[in-house]
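Novice: I'd like to ask some things about the structure below.
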Amino acid sequence: MNTSGYIRGYMAKNMNAVEFMNVVFNALRREFEEEELTLEITNDDFQITMGDYQTVLDKAFVEEHQSPYGIDRYILKEFEKQGFHLDINRSQYVQYCFGIHHGATVSDL
């Protein structure tokens, strides 16, 4: 079993939306350290900006879709819709976000 996925699953089940979004944001920040990333938290939503790309998630959405890498994947897909070019094989983290495990390919998705 993948330890990172197990730990992320535990966090997703046991953290509130704000705590979990901080985990997601820190993972994105480490992965895309060459980009300027910001996270703005209000009472009702989270705004994540990376360079020219931005998405807003409300807390209810995060609580409903909180899963090991589901929120990360959602954010990255939103950035892609805005023109961000993401190499699915960039790193193990990105592969986890998109459910690519050892031996799987993008066509398996």
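The values are calculated or read from the model by the stated rules, or taken from the named source; none is laboratory data. Remember, it's a predicted structure, so these values are computed and weren't measured experimentally. Counting neighbours? That spans all protein chains shown, and the Cβs are built from the backbone with ideal geometry, glycine included. Just so you know, the surface numbers come from the protein's heavy atoms only, side chains and all, with ligands and any DNA or RNA stripped out. Shrake-Rupley method; radii C 1.70, N 1.55, O 1.52, S 1.80 Å.
Novice: How many percent of the accessible area of the range 44-97 is carbon or sulfur, using a 1.4 Å probe?
Specialist: Details: 1140 of 2810 Å².
Roughly 41 percent of what the probe reaches on the range 44-97 is carbon or sulfur.
Novice: Let me ask something else. If the label point is 7 Å along Cα→Cβ of Glu36, which residues in the range 73-88 have backbone nitrogen under 17 Å from it?
Specialist: none
Novice: Answer with one residue from Phe25, Leu37, Tyr10: the one whose Cα lies farthest towards the positive end of the charge dipole of the chain, charges on Cβ with Lys, Arg +1 and Asp, Glu -1.
Specialist: So the residue we want is Tyr10.
Novice: Below 8 Å between Cα atoms, with a sequence gap of 6+, how large is the relative contact order for the chain in percent?
Specialist: Working: 103 pairs, mean separation 24.1, N = 109.
Reported relative contact order: 22 percent.
Novice: Give the cross-link partners of Lys59 among the lysines, using a straight C-alpha distance below 21 Å as the criterion and excluding same-chain residues fewer than 8 apart.
Specialist: In chain and number order, the partners are Lys13, Lys77.
Novice: What ratio of Cα Rg to 2.2 N^0.38 Å holds for the chain? All intermediate terms of the calculation are to be shown ahead of the outcome.
Specialist: Numbers: Rg = 13.6 Å, N = 109, 2.2 N^0.38 = 13.1 Å.
My calculation over the Cα atoms of the chain gives 1.04.
Novice: Nearest 500 deg cm²/dmol is fine: what mean residue ellipticity at 222 nm does the chain get from its DSSP H runs of n ≥ 4 alone, each adding -39,500 (n - 2.57), divided by its residue count?
Specialist: Numbers: 5 runs with 52 residues, N = 109.
Mean residue ellipticity, 222 nm, calculated: -14000 deg cm²/dmol.
Novice: Further question on the same structure: Mind checking which of Gly99, Gly83, Gly70 has the largest fluctuation in a GNM of the chain, springs on alpha carbons under 10 Å?
Specialist: Looking only at Gly99, Gly83, Gly70, the biggest GNM fluctuation is shown by Gly83.
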